[in-house]
Structure formats: C-alpha cells, structure tokens
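Only one structure is covered here, and it is reproduced in the block below.
The values are calculated or read from the model by the stated rules, or taken from the named source; none is laboratory data. All values derive from a computational prediction rather than experimental measurement. Glycine gets a Cβ as well: all are built from the backbone with ideal geometry, and neighbour counts include every protein chain shown.
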Amino acid sequence: MQKNSKIYVAGHRGLVGSAIVRRVIDLGFNNIVTRELPQLDLRDRDAVNRFFDAEKPDYVFLAAAKVGGILANNTYKAEFIYDNLAIALNVIDASHKHGVKKLLNLGSSCIYPKLAPQPLKEEYLLTGLLEPTNEPYAIAKIAAIKLCRYYNEQYGTNFLSVMPTNLFGPGDNFNLETSHVLPALMRKFHLAKFLLDGDLPGIMKDIQKRPLGFGIQFDSITSETQIEEVLQRFGIYRDHVTLWGTGNPLREFLYSDDLADAVVHLMTHYHGAQVGELTNIGVGTDITIKELAQKIAGLVGYSGAIQFDSTKPDGTPRKLLDVSKIKSLGWTPKVSLDEGLKRLYDWYTSG
C-alpha cells in the first residue's frame, strides 16, 4: 500500500474496524474511505456496487459483521447467518468487479470444529462439527473464506482471510444482551460494585450512557427497586454476580490494536498466494473464564461473590489458536492481557 492509496475500511465503527482506522492513520495513510450504516447498507448488493463504482478503492479491509456472544448467537440465528453472508458476498464480489488490488477478510476463530485438537491449526477447518451455539455465524465466516479462495483461484484476485481469536479493546460492545464475554464481565462487575456500594447514581449514570440490552430504557427506571430488578435480569445481585456456564472453558484474548497492527502488516507485505487460504492471529496462550472473571473483578474493585450457573451453555471447551504462521511472517502481539484490560477499563470509565 502507498501512503495515498485509497483504503476502504468496512465496519469502521466497530471494535476491529476502528482499530484498523487508528493504525493506518498512525502509519501515515491519508486516503481512507468509510461509510456509516445509514449511508451504505452492505447487505444491499446494488448499493455496494454503486459505492465501489463511485469510490474505486484500491484496498479493502472487510471488518463489517453482525457479531455477539453466546446469547445473541443463539437467539438471532437467522440474522447472524443472513447478514454476515450478505455482507461477505456483496463486498468480496464488488471488490473483484471493481478491480480492488487487495482485500483482507476478517473472520473468527469460531470457524473451527468444536472438538478440534488444540491449539487450532489453519488446516483444521471443516474437519469436524461446529459449536452449535455459534454455528450460523461460523458458517457465514467459512463461506467468506472460501469465497476469497475461489475468487483468487478463478479470477486471480489478491484476497486474504485472517482468523483472529477473541478480541477486546476500545469501541467494544458492552450491551449485556449482545456483547462478548470479556466486555460483558467488565460491565457486570462494574455495575455490581456500584450496587454493593449502594451507589445508585453511579448505576443510573452508566445505564444512561450505554444501553443494557433487551430494550431496557433508562427513562423507564424510576426507583431503587426497579434498578435491582433490572440488574438481576443480567445476574447482578447485591451480594453476588451469576455468570453463565461452569467457568471452565479456556479462551484466548487479543487486544484490538494488536490485531490492527497484524492485519496492516499482512496487507502491506504479503499476498493471498503467500499466506494461503487463511491465517490465524492470536497470542498463543489462554485463560479459563473463571480466572478471567476473577482478574476483571479485581481490576474493577468488586469484592462480592462470583457464582456460575452450570445449567447455561459453556460453548466450545477450548479455543486456542496455533499462531506459528503469523509469527513466521514477522508479527507478534505487543499488549499483554493485563495491560489490555487496564486500557479497556480506563476507556470504559472515561467514556
């Protein structure tokens, strides 16, 4: 990429897309194209083609997606598969039709079989059954990987696919209905500390700034009793917080700015033929959900009890990526989990 190359970041308001925008700006790229959802619905094929025809981007980062944790994936199955398939189909095809020099497609580690050997190597794709709770999303992401591969093979395009591990960072989604595990834990313990301390104004200020989920409106909460009832819906009580599952699953977490650094590194230095069908991006170490919960509770300053509801699903038992390929391509992460958590909580409380 040249400093004046036109770069389109699809999904620039999201966790990944915003990190990519920050990274390319930091590196001195000055011709970045973005669009808000009201301006461009990536599920609309004609609108996407009109956009590409008008803007003619040289490089595309496909970071737009409908995302969420176990609850959202298991609740909105049709939307997760349809929206993500439509976005991938439209952006990848338009990139081919309009002569994009290189596209980088962002996937997810949930594409791998539920019971695949650990750590997860790129070649394990489609070697077993998927985790049922996020199967619709995973199928859409697998389709996008294959689409990039087959366009490369048939049309000679230069499309890359990367599979990041679980991500967190500034711009994360803290809606307790649709968020991933790490931001959900952070917000639950943040609110639980307020409740334990009797700081009801602190709770109301937090709810006013960010939606809780399930359509709960700030203006509809008018009493202390209602505050407690609302928080209990998310497992937050005066003396404890209840979390889904057993707490035993292992997860790997990568700070979003590290991911952005990795994908810009690949986009700048490598081609689709060099990196193959897909490339994992992660840190190579993991932690149990129980350990993560304790770590975040300590950071937030929550001293109450942590309970686990084993009647709720755990998801995949372990999801650790083999990152030997990305390391061989000259990239390693820089931000530790502890440092990343501190940065995220500072961002959350200052926002």
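Across the range 95-107, which residue is farthest from residue 55 (Cα to Cα) among those that are surrounded by fewer than 22 Cβ atoms within 10 Å (Cβ to Cβ) and of a type outside the set (Lys, Arg)?
Checked the range 95-107; the qualifying residue farthest from residue 55 (Cα to Cα) is 96.
Out of the residues in the range 300-314 meeting the condition of being among the β-branched types (Val, Ile, Thr) and either in contact (Cβ under 8 Å) with a residue 12 or more places away in the chain or surrounded by 17 or more Cβ atoms within 10 Å (Cβ to Cβ) (or both), tell me which one is nearest to residue 340 (Cα to Cα). First the steps, then the outcome.
Taking the range 300-314 and keeping what is among the β-branched types (Val, Ile, Thr), we get 300, 306, 311.
Still in the list and also either in contact (Cβ under 8 Å) with a residue 12 or more places away in the chain or surrounded by 17 or more Cβ atoms within 10 Å (Cβ to Cβ) (or both): 300, 306.
Details: 300: 14, 306: 22 Å.
If we take residues in the range 300-314 being among the β-branched types (Val, Ile, Thr) and either in contact (Cβ under 8 Å) with a residue 12 or more places away in the chain or surrounded by 17 or more Cβ atoms within 10 Å (Cβ to Cβ) (or both), then 300 is nearest to residue 340 (Cα to Cα).
Within the bounds of the range 19-26, is there any residue that is more than 30 Å from residue 243 (Cβ to Cβ), without any contact (Cβ under 8 Å) to a residue 24 or more places away in the chain and out of contact with any His (no Cβ under 9 Å at 6 or more places or on another chain)?
Yes, the conditions are met somewhere in the range 19-26.
What do you reckon, is residue 81 assigned to a helix (DSSP H, G or I), closer than 24 Å to residue 154 by Cβ and within 20 Å of the chain's Cα centre (by Cα)?
When the stated conditions are applied, residue 81 does not pass them.
Looking at residue 222, is it at pLDDT 95 or above and not aromatic (Phe, Trp, Tyr)?
On the way: at pLDDT 95 or above: no; not aromatic (Phe, Trp, Tyr): yes.
Judged against the criteria, residue 222 is not a match.
Consider residue 90 carefully, then state whether it is touching a Leu at 6+ places or on another chain (Cβ under 9 Å) and buried (at least 18 other Cβ atoms within 10 Å of the Cβ). Please lay out each step first, then the result.
On the way: touching a Leu at 6+ places or on another chain (Cβ under 9 Å): yes; buried (at least 18 other Cβ atoms within 10 Å of the Cβ): yes.
When the stated conditions are applied, residue 90 passes them.
Within the bounds of the range 327-337, is there any residue that is among the basic types (Lys, Arg), buried (at least 17 other Cβ atoms within 10 Å of the Cβ) and over 17 Å from the mean Cα position of the chain (by Cα)?
Of all residues in the range 327-337, those among the basic types (Lys, Arg) come to 327, 334.
Now drop any that are not buried (at least 17 other Cβ atoms within 10 Å of the Cβ), which leaves none.
Checked against the condition, which is being among the basic types (Lys, Arg), buried (at least 17 other Cβ atoms within 10 Å of the Cβ) and over 17 Å from the mean Cα position of the chain (by Cα), the range 327-337 yields no hits at all.
Of the residues 86, 72, which is closer than 20 Å to residue 140 by Cα, in a helix (DSSP H, G or I) and at pLDDT below 95?
Values: 86 fails: at pLDDT below 95.
From the options 86, 72, the qualifying one is 72.
Determine the pairs where a residue that is closer than 21 Å to residue 314 by Cα, located within the range 101-116, has a partner that is among the polar types (S, T, N, Q) with Cβ atoms under 6 Å apart, the partner being 6 or more residues away or on another chain.
109/165; 110/134; 113/127; 114/316
Which residue is surrounded by the most Cβ atoms within 10 Å (Cβ to Cβ), if the candidates are limited to the range 192-247 and must be of a type in the set (A, V, I, L, M) and more than 26 Å from residue 311 (Cα to Cα)?
So the residue we want is 203.
What single numbered condition from (1) out of contact with any His (no Cβ under 6 Å at 6 or more places or on another chain); (2) polar (S, T, N, Q); (3) closer than 30 Å to residue 347 by Cα fails to hold for residue 34?
Only one criterion is unmet by residue 34, namely (1).
Yes/no matrix, rows are residues, columns are (1) surrounded by fewer than 21 Cβ atoms within 10 Å (Cβ to Cβ); (2) closer than 16 Å to residue 97 by Cβ:
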site: 19; (1), (2): no, no
site: 25; (1), (2): yes, no
site: 41; (1), (2): yes, no
site: 44; (1), (2): yes, yes
site: 50; (1), (2): yes, yes
site: 53; (1), (2): yes, yes
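Give me a count of the residues in the range 46-64 that are in contact with a helix residue (DSSP H, G or I) (Cβ under 6 Å, 6 or more places away or on another chain) and in a helix (DSSP H, G or I).
Taking the range 46-64 and keeping what is in contact with a helix residue (DSSP H, G or I) (Cβ under 6 Å, 6 or more places away or on another chain), we get 48-49, 52, 60-64.
From the residues that got through so far, the ones that are in a helix (DSSP H, G or I) too are 48-49, 52.
Residues meeting the conditions: 3.
Conditions tested, residue by residue: (1) closer than 29 Å to residue 277 by Cα; (2) assigned to a helix (DSSP H, G or I); (3) touching a Cys at 6+ places or on another chain (Cβ under 6 Å).
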residue	(1), (2), (3)
141	yes, yes, no
148	yes, yes, no
157	yes, no, no
185	no, yes, no
190	no, yes, no
204	no, yes, no
211	no, no, no
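Say we look at the range 297-331 and pick out the residues that are of a type in the set (Ser, Thr, Tyr) and out of contact with any Phe, Trp or Tyr (no Cβ under 6 Å at 6 or more places or on another chain); which of these is farthest from residue 137 (Cα to Cα)? So that I can check it myself, show each step before the final result.
First, pick out the residues of the range 297-331 that are of a type in the set (Ser, Thr, Tyr): 302-303, 310-311, 316, 324, 328.
Those still in the list that are out of contact with any Phe, Trp or Tyr (no Cβ under 6 Å at 6 or more places or on another chain) too: 303, 310-311, 316, 324, 328.
Numbers: 303: 36, 310: 24, 311: 23, 316: 14, 324: 25, 328: 29 Å.
By that ranking, first place goes to 303.
Answer yes or no as to whether residue 297 is within 16 Å of residue 245 (Cβ to Cβ), surrounded by 15 or more Cβ atoms within 10 Å (Cβ to Cβ) and of a type in the set (Gly, Ala, Ser).
Numbers: within 16 Å of residue 245 (Cβ to Cβ): no; surrounded by 15 or more Cβ atoms within 10 Å (Cβ to Cβ): yes; of a type in the set (Gly, Ala, Ser): yes.
Against the criterion (within 16 Å of residue 245 (Cβ to Cβ), surrounded by 15 or more Cβ atoms within 10 Å (Cβ to Cβ) and of a type in the set (Gly, Ala, Ser)), residue 297 does not qualify.
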